[in-house]
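A.B. asks: The following block contains the structure, expressed as structure tokens.
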Amino acid sequence: MSTAPSNDTESMEVDPVFLNSKREAWIILGLWVAAILWSVPYCYMNGFQSGMNAETIETTLGIPSWVFWGIAFPWFVADIFTIWFCLFYMKEDDLGVAHEGEDLAEEIAEMQAKDATAGGNES
């Protein structure tokens, strides 16, 4: 007659705010990794050339092509994705009611109570 111990994590409900932020963090991390995996090898292979002559460097919009396609273009794509992601994809979760100032009022009351008891013991 053995019973399996109950696991609290199985019955525990995960906060939707946590789930949304975790999913959004993974997406942002994925975009960052994709940008790094594009930029670093592309710039290394196309920008690191020994014996480069300033007159023979290819340009795109007046910028060396390896800088444009290796840095500026991924940066532009990341900016467009970020704007879309923030405006249309991210969830706006309810964080509850803000109790601004209540904790501060409690702390002030406690400090005044301590001062009053400390002041009475100094005689």
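A.B. asks: State which residue pairs qualify: first residue at pLDDT 85 or above and inside the range 11-26, second residue in a helix (DSSP H, G or I) in any location, beta carbons under 9 Å apart, and separation of 6 or more residues or different chains.
C.D. replies: From the range 11-26, the pairs are Glu24/Phe85; Glu24/Tyr89.
A.B. asks: In the range 27-56, what residues are modelled with pLDDT under 90 and among the small types (Gly, Ala, Ser)?
C.D. replies: Hits for the range 27-56 are Gly47, Ser50, Gly51, Ala54.
A.B. asks: Residues of the range 12-31 being surrounded by 13 or more Cβ atoms within 10 Å (Cβ to Cβ) and among the acidic types (Asp, Glu), which ones?
C.D. replies: Result: Glu24, single match.
A.B. asks: Just the residues that are in a helix (DSSP H, G or I) and either surrounded by fewer than 13 Cβ atoms within 10 Å (Cβ to Cβ) or at pLDDT below 90 (or both), please, taken from the range 57-74.
C.D. replies: Result: Ser65, Trp66, Val67.
A.B. asks: OK, next. In the range 75-109, which residues are more than 22 Å from Trp38 (Cα to Cα), among the hydrophobic types (A, V, I, L, M, F, W, C), surrounded by 10 or more Cβ atoms within 10 Å (Cβ to Cβ) and in contact (Cβ under 8 Å) with a residue 24 or more places away in the chain?
C.D. replies: Met90
The values are calculated or read from the model by the stated rules, or taken from the named source; none is laboratory data. Only a predicted model underlies this, so the values are computations on that prediction, with no experimental measurement involved. Glycine gets a Cβ as well: all are built from the backbone with ideal geometry, and neighbour counts include every protein chain shown.
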